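Remarks on the structure that follows.
The values are calculated or read from the model by the stated rules, or taken from the named source; none is laboratory data. It should be emphasised that the depicted structure is a prediction, and the values quoted were computed from it without experimental measurement. Every residue, glycine as well, gets a Cβ built from its backbone with ideal geometry; the counts of neighbours run over all protein chains shown.
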Amino acid sequence: MRKMSLQWRLTIITTLFIAIICGCLTLFLYKNGVYYIDSLQDAVEAQGGEDNGRGADELYIRIPDDTWNDFANDFSIQVYNNKEDYRKRSLVFSGLLAILGGVVTYFISGRALRPLREFSDKIEEVQAQNLADSRIEEHAVRELNQLSVSYNKMLERLSEAFAVQRQFTANAAHELRTPLSVVQVQLDLYHSMEHPDNDACTEKTIEMVTEQNERLARMVKTLLDMSELQTVERNDTIALDALVEEVLADLSPLAQSKQIELIGKCGDVTMQGSDILIYRLVYNLVENAIKYNHMGGRVTVTAQQDNRHLTLTVQDTGNGIPEELKPRVFDPFFRVDKSRSRALGGVGLGLALVREIVSVHEGNITVKDNPAGGTIFEVIF
């Protein structure tokens with residue numbers, strides 16, 4: 001069961017309070033009004049008695065004796081009708097007053113709670129890539145001042161921690177690149193020469209070392225790319241139809257090896273950003289769709305643009321991704337099927353890099369099921 005918002009709680013409590021006050025006030029006024037009306041009726045009835053003595057200061061109307069009974073009856077009926085009308089009007093007025101008080105309370109409380117709602121929205125938007133933009137005004141509301149200060153200090157600590165992490169990743173990648181390059185040079189030199197005396201076990205070992213060295217080299221390159229994304233210029237005008245055609249052409253040999261059909265439907269769509277990074281984004285998504293597709297499957301890339309957003313989708317006809325694993329597919333080194341990913345030569349950083357590229361372009365990426373079977377990656381800029 002969904003919990004009631006604070007604004008609605010304040011509104012309901014205030015409305016009930018107003019309704020109780022209005023009810024008590026109405027009851028008090030009703031009793032007083034009825035008392036005076038009944039007093040007037042008693043006075044009229046007393047006029048029909050034998051004792052007609054009046055004080056010198058009393059104001060009275062003389063009514064003939066032969067019409068007195070009719071007058072008294074009509075007056076009693078009129079008094080009863082007036083009391084009923086007074087009661088109904090009082091209830092209606094009190095109800096309307098309570099409703100009006102509730103409506104006014106709702107809007108006033110909404111305005112009073114706006115800083116709290118903005119604070120909540122800021123927290124929901126916090127990501128590792130936008131910590132600097134998630135700070136909130138510390139003196140907007142007195143009651144939230146200490147909480148705002150603590151929140152901003154927490155963001156500063158997180159920002160520093162992520163900066164240290166990125167710097168460590170960049171330094172580690174730089175340090176690893178040199179020995180890997182040396183190993184690769186030695187392996188290339190070995191492969192350029194003939195070794196007739198080597199047995200099958202030695203050749204298999206050399207082949208395994210070569211594959212793992214290449215895999216590590218790709219991982220290091222990806223880590224370097226991820227650490228340097230913030231410094232890349234993003235002011236190119238990119239024609240997505242041409243870029244997608246280039247990506248599909250580059251990945252055509254990989255698709256042909258699995259008899260996968262590549263389809264591009266972009267039309268005349270352009271965007272501002274880094275041509276290099278957007279190429280890498282599309283390349284990684286399409287390559288991922290090919291690797292994890294069925295034999296003879298299909299990969300479709302589409303791009304659509306309206307007045308506010310540009311939507312890029314890459315969909316495949318593979319096995320899909322389990323619902324519980326979808327939030328984790330963009331985590332570094334995460335693999336849905338670890339054994340299959342290693343067999344395909346993946347390092348687990350392709351989709352993580354995609355998410356970083358989308359983030360620096362102020363976009364959003366989601367993964368969902370393809371109704372025809374498979375997976376759809378949707379990027380919105």
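Condition first: in contact (Cβ under 8 Å) with a residue 40 or more places away in the chain, in contact with a Phe, Trp or Tyr (Cβ under 6 Å, 6 or more places away or on another chain), surrounded by 12 or more Cβ atoms within 10 Å (Cβ to Cβ) and not small (Gly, Ala, Ser). Can you find one or more residues in the range 280-295 that meet it? Yes, there is a match, as at least one residue in the range 280-295 is in contact (Cβ under 8 Å) with a residue 40 or more places away in the chain, in contact with a Phe, Trp or Tyr (Cβ under 6 Å, 6 or more places away or on another chain), surrounded by 12 or more Cβ atoms within 10 Å (Cβ to Cβ) and not small (Gly, Ala, Ser).
Per-residue answers, yes or no, for (1) at pLDDT 75 or above; (2) touching a helix residue (DSSP H, G or I) at 6+ places or on another chain (Cβ under 6 Å); (3) part of a helix (DSSP H, G or I):
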position	(1), (2), (3)
MET1	no, no, no
THR14	yes, yes, yes
PHE28	no, no, yes
ASP66	no, no, yes
PHE75	no, yes, yes
ARG89	yes, no, yes
VAL92	yes, no, yes
LEU96	yes, no, yes
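Being within 30 Å of LEU277 (Cα to Cα), hydroxyl-bearing (Ser, Thr, Tyr) and surrounded by 16 or more Cβ atoms within 10 Å (Cβ to Cβ) narrows it down to one residue among THR210, THR237, THR178; which is it? Of THR210, THR237, THR178, the one residue that is within 30 Å of LEU277 (Cα to Cα), hydroxyl-bearing (Ser, Thr, Tyr) and surrounded by 16 or more Cβ atoms within 10 Å (Cβ to Cβ) is THR210. Got at least one residue in the range 301-313 being assigned to a loop (DSSP other than H, G, I, E, B) and of a type in the set (A, V, I, L, M)? Among the residues of the range 301-313, not one is assigned to a loop (DSSP other than H, G, I, E, B) and of a type in the set (A, V, I, L, M), which makes the answer no. Restricting attention to the range 90-124 and to residues that are of a type in the set (Lys, Arg) and surrounded by 12 or more Cβ atoms within 10 Å (Cβ to Cβ), the residue that is nearest to ILE21 (Cα to Cα) turns out to be ARG114. Listed by position, the helices (runs of 4 or more DSSP H) contained in the range 200-269 that have at least 3 residues being in contact with a Ser or Thr (Cβ under 8 Å, 6 or more places away or on another chain) and of a type in the set (Asp, Glu) form an empty set.
Checking the condition modelled with pLDDT of 85 or more and either of a type in the set (A, V, I, L, M, F, W, C) or surrounded by 14 or more Cβ atoms within 10 Å (Cβ to Cβ) (or both), which residue from VAL336, VAL360, VAL347, VAL269 passes?
VAL269
Just one of the numbered conditions (1) at pLDDT 70 or above; (2) surrounded by 11 or more Cβ atoms within 10 Å (Cβ to Cβ); (3) more than 30 Å from ARG117 (Cβ to Cβ); (4) polar (S, T, N, Q) is not true of ASN81: (2). The criterion of being modelled with pLDDT under 75 and either of a type outside the set (Val, Ile, Thr) or surrounded by 12 or more Cβ atoms within 10 Å (Cβ to Cβ) (or both) holds for GLN129. Does the range 299-319 hold any residues that are surrounded by fewer than 19 Cβ atoms within 10 Å (Cβ to Cβ) and over 24 Å from the mean Cα position of the chain (by Cα), and which are they? ASN319 - this is the single residue of the range 299-319 that is surrounded by fewer than 19 Cβ atoms within 10 Å (Cβ to Cβ) and over 24 Å from the mean Cα position of the chain (by Cα). Among residues of the range 347-375 that are closer than 14 Å to VAL314 by Cβ, those with a beta-carbon under 6 Å from a residue that is outside any strand (DSSP E or B) and among the polar types (S, T, N, Q) at least six positions away or on a different chain give the pairs GLY350/ASN284; GLY350/ASN288; VAL354/ASN284; GLY374/THR317.
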